[in-house]
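Heads up: the structure comes next, in structure tokens.
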Amino acid sequence: MADIKNTQGFKALLAQTEAELLTRGLDVVPVGVRNVLAHAVNTVAERMDIQPRSALRYIDPAVIADQIAEAGAESTDGAEGAHGIRPFRLDNRTVPTDRCVTGRPLMALAQAAKYATANGDSRTAQHAIDLSRPAGRAWAGRR
């Protein structure tokens with residue numbers, strides 16, 4: 001079978017599966033999710049006698065996430081061997097820091113964006129700019 005892991009469809013399915021796992025409160029080692037997903041795609045392709053690219057549409061990220069969560073559950077026999085599954089929790093606590101300390105990484109990202117733009121590397125420049133601002137927040141009027 002052809003290696004499916006480098007295709008756009010597989011990468012999108014991988015991102016959806018990882019998001020499903022996070023909604024279940026689990027953080028799984030990415031290579032583990034990738035391998036489970038690749039195994040599922042190849043198994044479906046073999047059983048249906050189709051190409052792995054065509055088998056991608058038959059894989060449900062929620063089902064794969066359920067299977068990974070079940071395999072790592074404490075009640076499952078052999079779950080102690082599932083070392084790549086960790087509980088995930090969102091921590092809303094804050095830590096007081098000086099403004100100058102938090103500004104240094106921002107200055108470094110701005111400098112990286114400036115150099116990337118000067119060198120014609122628009123992809124790196126856009127990535128640095130995206131990292132330098134919080135997603136979904138408007139900074140107008142904030143101090």
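The values are calculated or read from the model by the stated rules, or taken from the named source; none is laboratory data. The shown structure was predicted, so the numbers you read here are calculated from the model rather than taken from an experiment. Heads up, the Cβs are rebuilt from the backbone with ideal geometry, glycines too, and the neighbour counts pull from every protein chain shown. Protein only, heavy atoms only, side chains kept; ligands, DNA and RNA dropped before computing areas. Shrake-Rupley method; radii C 1.70, N 1.55, O 1.52, S 1.80 Å.
Here are some notes:
- Largest to smallest in accessible area, the residues 48, 107 fall in the order 107, 48 (1.4 Å probe, all protein chains included).
- Amide H contacts under 5 Å for residue 27, placed H, 5+ residues apart: 86, 88
- Accessible-area ranking of 43, 124, 94, largest first, probe 1.4 Å: 94, 124, 43
- Near residue 42: Cβ cut-off under 12 Å, other residues only, Lys/Arg at +1 and Asp/Glu at -1. The net charge is +1.
- In sequence order, calculated HN-Hα J values of the stretch 35-48 (Karplus, 6.51, -1.76, 1.60; Hz; x Gly/Pro): 5, 5, 5, 5, 4, 5, 5, 5, 5, 4, 4, 5, 5, 8
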